[in-house]
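Following: one structure in structure tokens, then a few remarks.
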Amino acid sequence: MSSLRGVKCLVTAGPTYEAIDPVRFIGNRSSGKMGIAIAEDLANRGAEVTLILGPSSEKIPNQIAKVVRVESADDMYQAVMRVIKSARLGIFSAAVADYRPRAVAHEKIKKTGDQFSLDLIKTVDILAEVGKNKLANQVIVGFALETNNEEENAKQKIAKKNLDMIVLNSLNDKGAGFQHATNQIVIIDKENNSTKYELKSKLEVAVDINNYIESNFFSICD
């Protein structure tokens with residue numbers, strides 16, 4: 001029997017869309033596939049999973065009983081704060097926008113010149129807020145998508161955001177990252193132990209991630 005059976009888990013997945021006007025937004029290329037696969041595998045292990053999902057056209061497996069749909073970074077933040085207090089495990093794989101427009105136009109912005117500027121402000125750092133308020137019995141897992149100094153940047157995020165481990169993706173690895181059916185990861189824990197995995201399907205990667213979590217954080221202490 002899985003040691004995650006009955007454990008309340010929160011998984012975030014997909015992008016966020018930050019509105020510019022009623023038809024335009026700032027977004028990214030995240031499909032949500034990786035987070036959905038993680039949530040599916042957790043559900044298969046008997047965990048009680050809440051998936052908080054940004055705009056995504058991916059099919060949601062029937063095993064995932066509770067899905068909260070959100071659009072913006074603030075929507076995701078509010079949803080996370082409602083759920084995280086009762087979760088033992090939080091896995092934050094969503095690609096949340098770092099910035100949003102300061103003001104959203106109520107009507108479609110007309111094309112009036114050769115240049116157009118947006119005043120952007122930072123969105124709330126959801127993972128940092130979760131880490132700051134982390135409970136003693138919680139396991140918090142972050143994701144890092146990097147293009148240079150990958151492992152060093154990921155290790156800094158573990159310390160800065162009070163994480164138990166981080167899953168590192170590099171856009172320099174062929175077949176990894178957004179909109180691929182495959183992924184290649186490095187898992188780094190808060191003791192700076194590093195485990196590199198081969199390129200695999202995202203469902204296989206999800207199994208690797210959850211196996212690592214289960215064997216390192218739940219089998220021992222539960």
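Every number in this text was worked out from the coordinates using simple rules, so none of it is lab data. In this text the structure is predicted, and so the values were computed from the model without any measurement. Please note: Cβ atoms are built from the backbone with ideal geometry, for glycine as well, and neighbour counts cover all protein chains shown.
So here's what we get for this one:
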quantity	calculated
In degrees, nearest ten, helix 33-44 long axis to first principal axis of the chain (Cα)	30 degrees
Lys, Arg +1 and Asp, Glu -1 on Cβ, resulting dipole of the chain about Cα centre, debye, nearest 20	480 debye
0 to 90° range, to nearest 10: angle between helix 202-213 axis and the chain longest Cα axis	50 degrees
Partner aspartates and glutamates for Lys85 [C-alpha distance under 15 Å; skip if fewer than 8 residues away on the same chain]	Glu48, Glu129
Check: the stretch 1-56 dipole with +1 on Lys, Arg Cβ and -1 on Asp, Glu Cβ, in debye	140 debye
Farthest positive-ward along the stretch 1-134 dipole, Cα basis, beta-carbon charges - from Gly6, Leu89, Thr50	Gly6
Test item: Cα-centred dipole of the stretch 1-115, Lys/Arg +1 and Asp/Glu -1 on Cβ, debye	220 debye
Difference of contour (0.36 nm per residue) and Cα-Cα distance, Gln115 to Asn211	29.5 nm
Relative contact order [Cα under 8 Å, 6+ residues apart], the stretch 2-146, whole percent	29 percent
Rounded tilt (10° steps) of 150-161 against the dominant C-alpha axis of the chain	90 degrees
